[in-house]
Structure formats: structure tokens, C-alpha cells
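*Asks:* Let me begin by handing over the structure; questions about it come next.
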Amino acid sequence: MSDTAPIRRPRLTVEPRRRAARERASRSTRGGGRTASTRPGREIYDDAADRGAASSVGGFFGAISSYGMTKMTTNIHAGDMRKRISAMFMAILLVVSLVYFRVLSLQTFRATEYKEYSVAQRVRSDVIRAERGTILDRDGQELAIPVPTRTIFADPREVTDPVTTARSLALVLQLTPEEEMNLASRLQNKNSSFTYVVRQADTALAKTIADLNLAGIRSRREEGRALTSEGLRPIIGRVDVDGAGIGGLELQFNDLLTGTDGKLAREVNSRGQSIASADSDYVAPIRGSNLVTTIHRTLQFQVDGILQQQVERLMARSGIAVVMHTKTGEIYAMSSVRRNEDGTYSNNAGNLAAVEAHEPGSVAKVFSVAAAIEEGKVTPETKFVVPGKQVFNQGTQWEQEIKDAYPHPTEPMSVRKILVDSSNLGTIQVSQSLSTERNRQWLSAFGFGEKTSLQFPGETKGLLKLARNWQGTEKFTFAYGYGYGATPVQLAAAVNVIANDGVYIGPKLVTSTVDERGLSTPTPAAPTRRVLSSATAATMRSLMTDVVCYGTAQLAKMQGLSVGGKTGTGYIRQDNGTYLKDDGSRAYFASFVGFLPASNPEFTVLVSVDEPDPGSRDRFGGTAAAPVFSRIGQVIVNELDLRPAAGDTGCVGKRPAELGPSH
């Protein structure tokens, strides 16, 4: 061979390697220790390894990895290698994409949701209740005030033993077995972070529970509400356990009285303890505004007592008293008393002066007489021939006999005598000097048929039908207070027109509000309008003074002070549509509305007694209500330092001869 001849290298081939692999596999099979696949390009598996891979996730991924390595290192042709690299790249890309989209979902699309989960686990947010505004009387004295209480609550997530915890609380709170089971059930609800145990407990009870050191049981300060006198309940109203007004002024001015709650958010550890180094979010609460009313607290308290004494003495169903300032319409006292089912009396029935209407009875005679005098149809000396009884609508389906307030023969009566002695038939004759439509317009002018300016929650507008809808004797009986309904506060405001020189002024209960900064905002002035001329009002005051001095209201007299007013005794319409009960008896509504001093009125006072004992001689307005007016008037004189005008000595002399004998 030449020295320059090229050296030939043997050609490499993989076939010998394949044969060697097959021989090794064959020998292993004959040895009985392993099973082998004789197919080229397949990996030899162990049976035990197969079973392990099938039973565990780790074995599964191990098998996949081994399979991939074999595919990458066996039968390594150039074409196969490119396919395998592409497949592995796609697999890796798929896995990375899945991870990417999972991260994207967690941090973008569902980030808010998971953040809320995180915050809920480690952050406790406590509401700091804002203090409700105080309700004050006209002199700044407290009527309704916030009082501190403790509310016990639980975080079921932190309660370790709900049953034992419920049992411990039940013993302290004296819960029934049913209430204990309900509490235990709520404490077991781990999906809840809050549940009440007891609301507005006193501080002593709250301390007893705190001393038990029960896991997950805490308390917070919560405001209660207290009145300085229960007699204020009809006016002030109530709040619910959440501090929201549900009646009276508490409801009417709830938005003003309610403050803005604050918030304290804090991070806690697994035991519910605050993390000192963590940030906290604190928003201070804003106190509600104070409400300044027109009520005189001392006067209100005494009026409550006087009224309740009379109502209890007469075994009446209820009683109402209203004290109104003549010139401003401000309510100084408004009392309501009602008999409970057990026979006791309380102030829990609501503000009856605004929410209940009755036929006013003979008090309404002043409106009929005033209208006729104002229109020039009659004077106090105008006389009418008045029978003791009279049949109206004779020969029609509306035929009815009306008797006078007291038995008497047919006799001439002046307008003064008609009012002083409260003649029903005489008042009808006075009213007939005007048309039915005109009489109805006068009643509307005095404020009947519309709600007053109080706009008190639940206030009724009473009942005053259109004149064209009056039927039968309704065309006559309106003259002495039947056929329409009025609330006591409407009636007081209407009589006050005469006391206030012929000007109607709407009743008022609130003078101003004071916000948390101490800034006072006055409420709108009460609406006013002229109804009667000054001359007519003065004439009516003179007539009503005679009613007290010589007529049906003599028990309303006050020593050394002139008083004007009018009594009313009305029958109460029954469910059967008549004024007679099924047993033939009657129910009465006794009232008196007056003003003092009559020479220069400062206060108008209404007293009504609903259903006094029908067998009592004191069931009438002059005997049931007038004496209460006198006692309230004396309190007004003492508390408000009311003095009569010079020369005012009250009632003097005997009954004038032109009035004839009294009845």
C-alpha cells in the first residue's frame, strides 16, 4: 500500500447497537427478573414500576420523564429529532401558558375577589355608632337623651366551642332552651363573622359576660334612649334597637337627629387580637343635631299629672290636654293618657291630640255664631224663638226630632243666651242665617278638614265633607258640632282664632335645630291668616267670658283672672251607625276649650275626656273637662308668671237678668 493512499475509516452504524440491546433484553427475559419489549425504540419497563406509577402522581410524572428521555436518545435520526424538539417545545409552551393564564387570573381578573378574601381573614371592621341628637325643651332642658348601653355580639369564626359558649351565655342572660339552641346554632355558623347575643344590655350585665372570657364574644357601646318623663312619650315617640325613630318627633326628625357613624378597621391575628404594628383606618363619627321644642318641661309634667288624675277618677277611656301660646301657636304642653287593657293608665297610646278625631260637640257653636256675626247676620242681642224640640225633614226618609241641650218651653233667646246656655236649636237658627255652602266654607276657614302645620307622624285631617254631600240632619247638626270630625289640636287652633284677635296661627312643636358645631337653625314660622275681624273676635271673647262666668263652664273660673271658653258634650257614634250602644246606653266625649286671661289672651287650653263613666254626673264638658282647665290655668299662672291686665278681676256679679235663669 502506498504511503500516500487515503486511509478509509469503517462506516459507523447503529445496527450493532440495536442487536446488542435486543440480546440484553432477551437475556433479561430468560432470567425471569424482567419483562422486555423486543420492539425497536421502546423502553423496557418494570411491572412493579408500572403498578407504582399507576398508584402515585410522582410515579406518573417519573414515567413521562423517562419516556421522554428514551424518545430523545433512541433512534436519533435527524428528522425524528426535529419533531421531538418541536413536540417538547409545544408541551413546555402549553405548560407555561397555563401557568401564565392562572397568574393573570389571580392577579388581574380575580384580584379584587382574592383581596377581599384576604382582608376578610385578617381585618376586623368595627362600626362606631354616632350619638343621636338630644331633644330639648324651650329652655334647653333635656326631654329625650342618649344613654350608654352595651351590646354583646359574637364572631362565630373565633368561637372555639359554640355549645359550651351558648350554655354559659344562657345562664347569665336567663335564656329559654329554645333561645339557647338558636344561639348555639348561630355560633356554629363559621361562614358568618357577626351575630348578636343581646342588644342594649346594662353595663353591669355586660361586665358579667366580659368576665367569662369567652372566645369570640365581645361587646361594644351602643346608645339607648331615655325620656325625662314618660308623659313625654306621645310627643317624643320612640326609637328602635338600632336607634332609628319609629314614632313622634323621633320619626318626624329622624334624619336630623341621626348622626353619621364612624369606622375603625384593624388587622388581627389568628386569635382575634389586634396587631399593634399594623395600620388601622379610623373615621370619627359625627353626632346628630339637637332638636329644640316648644314644650315647657315643668308645665308638661304638671299637666300630665292633673289630666291623669281626672281621667282615673272618672274611669274614662282616655284624656287629652293641649296648652298653646295664643300669639305664636307654640305648644307648651300636649298630654295624652289612655286606659290599658288591665285597667291601668299610661302614655303609650300615641299622640291622641293629633291622630284621633271626634265630633267636637257644643264647642263648635262658637264657629257658627262667629260666622253669623262676621257676616252681619246677627248681633249678640238678636233674638230667636227657640222651641225645646223640633222635627226636621218632616215627611222624608231623613225625618228626625232634635231636642235642645236642656228641656225648656218655646221661648225667645238672644244670641248671647243661646251661646251661654249652649242651646242646640238656637244655634241651628243662627246658622240658618247663612247658606249651607257658606257655613261649610267658614268651618274650612277655621282649619277643619286639613292637617295642621304640625305635620305630626300619623296626624289625621279629620272629616269635613263637601256641603253638597251633607244629607238629612247633617245640614243642621254641623251647627252644634255633629257631622264632621276634628282632632283636639285642630279644635284648639280654631278656638285660638278668637283668642288671637281673629287671626289663625298654625300650631308649632319645634323652634330650631342645633348641629354638632353648635350652629342653630330656626324652623319655619307657623302659617297665619286672618279669619275674623278684630271686632268680631272681641265680641266672641265677651260672649265666651259670659259662658264661664254665667253659663255651662262655671267650673273653669279662676280667682282674680278672667277666662273665656266653651264647653262641649258630644255623643260618640257607635259601630252600629247610631249614637246608642246595643244595650241602649250612650258614650260621651266631654271637652272644654278656653283662653286666659280673657281680657288679653296669652294661652289657649283644650281639655277633653273620652268616655267618662256614663253614670257619673261629671260626664259633661262643664263638669269633666272645665275643672281640669282651671287647674292647668293655675299652673300656667304660677310657672310662667302670668299676670292679668290692670282692672281684670275675673268674674264679678251675678248672672245678668237678660239671660234669664240658669239651667
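*Asks:* Considering each of GLY564, GLY650, GLY570 in turn, give the residue that is in contact with a strand residue (DSSP E or B) (Cβ under 8 Å, 6 or more places away or on another chain) and modelled with pLDDT of 95 or more. Outline the logic, then answer.
*Replies:* Numbers: GLY650 fails: modelled with pLDDT of 95 or more; GLY570 fails: modelled with pLDDT of 95 or more.
The unique qualifying residue is GLY564.
*Asks:* Which ones in the stretch 547-556 are more than 41 Å from the chain's Cα centre (by Cα) and either buried (at least 21 other Cβ atoms within 10 Å of the Cβ) or not in a helix (DSSP H, G or I) (or both)? Step through it out loud before you land on a result.
*Replies:* At the first step, the residues of the stretch 547-556 found to be more than 41 Å from the chain's Cα centre (by Cα) are 547-552, 554.
Result: VAL547, VAL548, CYS549, GLY551, THR552.
*Asks:* Quick check on this structure: which one of GLY350, GLY288 is assigned to a loop (DSSP other than H, G, I, E, B), touching a residue at least 40 places away in the same chain (Cβ under 8 Å) and surrounded by fewer than 24 Cβ atoms within 10 Å (Cβ to Cβ)? Give the derivation first.
*Replies:* Details: GLY288 fails: surrounded by fewer than 24 Cβ atoms within 10 Å (Cβ to Cβ).
That would be GLY350, the only listed residue that is assigned to a loop (DSSP other than H, G, I, E, B), touching a residue at least 40 places away in the same chain (Cβ under 8 Å) and surrounded by fewer than 24 Cβ atoms within 10 Å (Cβ to Cβ).
*Asks:* Let me ask you something else. Given the condition open to solvent by 40 Å² or more (accessible area, probe 1.4 Å), in a strand (DSSP E or B) and either touching a helix residue (DSSP H, G or I) at 6+ places or on another chain (Cβ under 8 Å) or modelled with pLDDT of 95 or more (or both), answer yes or no: does some residue in the stretch 156-170 qualify? Don't jump to the end; show me each part of the working.
*Replies:* The initial filter retains those residues of the stretch 156-170 that are open to solvent by 40 Å² or more (accessible area, probe 1.4 Å), namely 157, 160-161, 163-164, 167.
So of that shortlist, the ones also in a strand (DSSP E or B) come out as none.
No, the stretch 156-170 has no match at all.
*Asks:* Of the residues VAL127, VAL96, VAL103, which single one is surrounded by fewer than 17 Cβ atoms within 10 Å (Cβ to Cβ) and touching a residue at least 12 places away in the same chain (Cβ under 8 Å)? Quick ask: steps written out before the conclusion?
*Replies:* Numbers: VAL96 fails: touching a residue at least 12 places away in the same chain (Cβ under 8 Å); VAL103 fails: touching a residue at least 12 places away in the same chain (Cβ under 8 Å).
Just one listed residue meets the conditions, VAL127.
*Asks:* Only one residue in ILE306, ILE235 is open to solvent by less than 40 Å² (accessible area, probe 1.4 Å), at pLDDT 95 or above and within 23 Å of VAL147 (Cβ to Cβ), so which one is that?
*Replies:* Values: ILE306 fails: within 23 Å of VAL147 (Cβ to Cβ).
Of ILE306, ILE235, the one residue that is open to solvent by less than 40 Å² (accessible area, probe 1.4 Å), at pLDDT 95 or above and within 23 Å of VAL147 (Cβ to Cβ) is ILE235.
*Asks:* Let me ask something else about it. Check the stretch 249-264 and report whether any residue there is assigned to a strand (DSSP E or B), open to solvent by less than 60 Å² (accessible area, probe 1.4 Å) and in contact (Cβ under 8 Å) with a residue 60 or more places away in the chain. Working first, answer last.
*Replies:* Kept after step one, since they are assigned to a strand (DSSP E or B), are these residues of the stretch 249-264: 260, 262-264.
From the residues that got through so far, the ones that are open to solvent by less than 60 Å² (accessible area, probe 1.4 Å) too are 262, 264.
Right, trim to in contact (Cβ under 8 Å) with a residue 60 or more places away in the chain and you get 262, 264.
Yes - at least one qualifying residue is present in the stretch 249-264.
*Asks:* Which is over 39 Å from the mean Cα position of the chain (by Cα), open to solvent by less than 60 Å² (accessible area, probe 1.4 Å) and among the acidic types (Asp, Glu), of ASP648, ASP613, ASP618?
*Replies:* Numbers: ASP613 fails: over 39 Å from the mean Cα position of the chain (by Cα); ASP618 fails: over 39 Å from the mean Cα position of the chain (by Cα).
One residue alone meets the criteria, ASP648.
*Asks:* Please state which of the following conditions SER274 fails to meet, knowing it meets all the rest: (1) touching a Lys or Arg at 6+ places or on another chain (Cβ under 7 Å); (2) modelled with pLDDT of 85 or more; (3) of a type in the set (Gly, Ala, Ser).
*Replies:* Tallying (1) touching a Lys or Arg at 6+ places or on another chain (Cβ under 7 Å); (2) modelled with pLDDT of 85 or more; (3) of a type in the set (Gly, Ala, Ser), SER274 fails exactly one: (2).
*Asks:* If you don't mind, another one. Return the only residue of LYS190, LYS115, LYS207 being in a loop (DSSP other than H, G, I, E, B) and open to solvent by 40 Å² or more (accessible area, probe 1.4 Å).
*Replies:* On the way: LYS115 fails: in a loop (DSSP other than H, G, I, E, B); LYS207 fails: in a loop (DSSP other than H, G, I, E, B).
Of the residues listed, the single one that is in a loop (DSSP other than H, G, I, E, B) and open to solvent by 40 Å² or more (accessible area, probe 1.4 Å) is LYS190.
*Asks:* Please tell me if LEU659 is surrounded by fewer than 20 Cβ atoms within 10 Å (Cβ to Cβ) and closer than 30 Å to GLY329 by Cα.
*Replies:* Values: surrounded by fewer than 20 Cβ atoms within 10 Å (Cβ to Cβ): yes; closer than 30 Å to GLY329 by Cα: no.
No.
*Asks:* Among the residues of the stretch 579-610, which ones are open to solvent by less than 60 Å² (accessible area, probe 1.4 Å) and either in a loop (DSSP other than H, G, I, E, B) or more than 30 Å from LEU642 (Cβ to Cβ) (or both)? Even if it seems obvious, please write down each step before you answer.
*Replies:* Filtering the stretch 579-610 down to residues open to solvent by less than 60 Å² (accessible area, probe 1.4 Å) leaves 579, 584-585, 587-598, 601-610.
Residues satisfying the conditions are TYR579, GLY584, SER585, ALA587, TYR588, PRO597, ALA598, PRO601, GLU602.
*Asks:* Now, a different point. Residue under question is SER591, and the condition is that it be at pLDDT below 95 and under 25 Å from CYS651 (Cα atoms); does it hold? If you could, list the steps in order and put the result at the bottom.
*Replies:* Values: at pLDDT below 95: no; under 25 Å from CYS651 (Cα atoms): yes.
Answer is no for this residue.
*Asks:* Just checking, how many residues over the stretch 292-331 are small (Gly, Ala, Ser) and over 26 Å from the mean Cα position of the chain (by Cα)? If you could, list the steps in order and put the result at the bottom.
*Replies:* From the stretch 292-331, those small (Gly, Ala, Ser) are 305, 316, 318-319, 321, 329; that's our starting set.
The next check asks that each one be over 26 Å from the mean Cα position of the chain (by Cα); those that pass are 305, 316.
Adding up the residues that qualify gives 2.
*Asks:* Can you find a residue in the stretch 175-186 that is in a loop (DSSP other than H, G, I, E, B) and either within 30 Å of GLY231 (Cβ to Cβ) or of a type outside the set (S, T, N, Q) (or both)?
*Replies:* Step one: filter the stretch 175-186 for residues in a loop (DSSP other than H, G, I, E, B), giving 175-176.
So of that shortlist, the ones also either within 30 Å of GLY231 (Cβ to Cβ) or of a type outside the set (S, T, N, Q) (or both) come out as 175.
Yes, the stretch 175-186 contains at least one residue that is in a loop (DSSP other than H, G, I, E, B) and either within 30 Å of GLY231 (Cβ to Cβ) or of a type outside the set (S, T, N, Q) (or both).
*Asks:* If I ask for residues that are surrounded by 15 or more Cβ atoms within 10 Å (Cβ to Cβ), in a loop (DSSP other than H, G, I, E, B) and among the hydroxyl-bearing types (Ser, Thr, Tyr), which ones from the stretch 396-454 would you list?
*Replies:* Passing the criteria: SER422, SER423, SER433, THR452, SER453.
*Asks:* Next question. For SER229, all conditions in the list (1) free of Cβ contacts under 8 Å to residues at least 40 places away in the same chain; (2) hydroxyl-bearing (Ser, Thr, Tyr); (3) farther than 24 Å from ASP261 by Cβ hold save one; what is the number of the exception?
*Replies:* (1)
*Asks:* Within the set of pairs 6 or more residues apart or between chains, which connect a residue that is open to solvent by 70 Å² or more (accessible area, probe 1.4 Å) inside the stretch 519-546 to a residue that is among the charged types (D, E, K, R) with Cβ atoms less than 8 Å apart?
*Replies:* Filtered contacts from the stretch 519-546: THR521/ASP515.
*Asks:* Looking only at the stretch 314-332, count how many residues are more than 10 Å from ASN496 (Cα to Cα) and either of a type outside the set (A, V, I, L, M) or without any contact (Cβ under 8 Å) to a residue 40 or more places away in the chain (or both). Lay out the reasoning, then the answer.
*Replies:* As a first pass, look at the stretch 314-332 and keep what is more than 10 Å from ASN496 (Cα to Cα): 314-323, 328, 330-332.
With either of a type outside the set (A, V, I, L, M) or without any contact (Cβ under 8 Å) to a residue 40 or more places away in the chain (or both) added as a condition, the list becomes 317-319, 328, 330, 332.
Final tally of qualifying residues: 6.
The values are calculated or read from the model by the stated rules, or taken from the named source; none is laboratory data. Quantities reported herein were computed from a predicted structural model and do not represent experimental measurements. Quick reminder, even Gly has a Cβ in these numbers, built from the backbone with ideal geometry, and neighbours come from all protein chains shown. The protein model used for the area step is the full one, side chains on, heavy atoms only, and it has no ligands, DNA or RNA in it. Shrake-Rupley method; radii C 1.70, N 1.55, O 1.52, S 1.80 Å.
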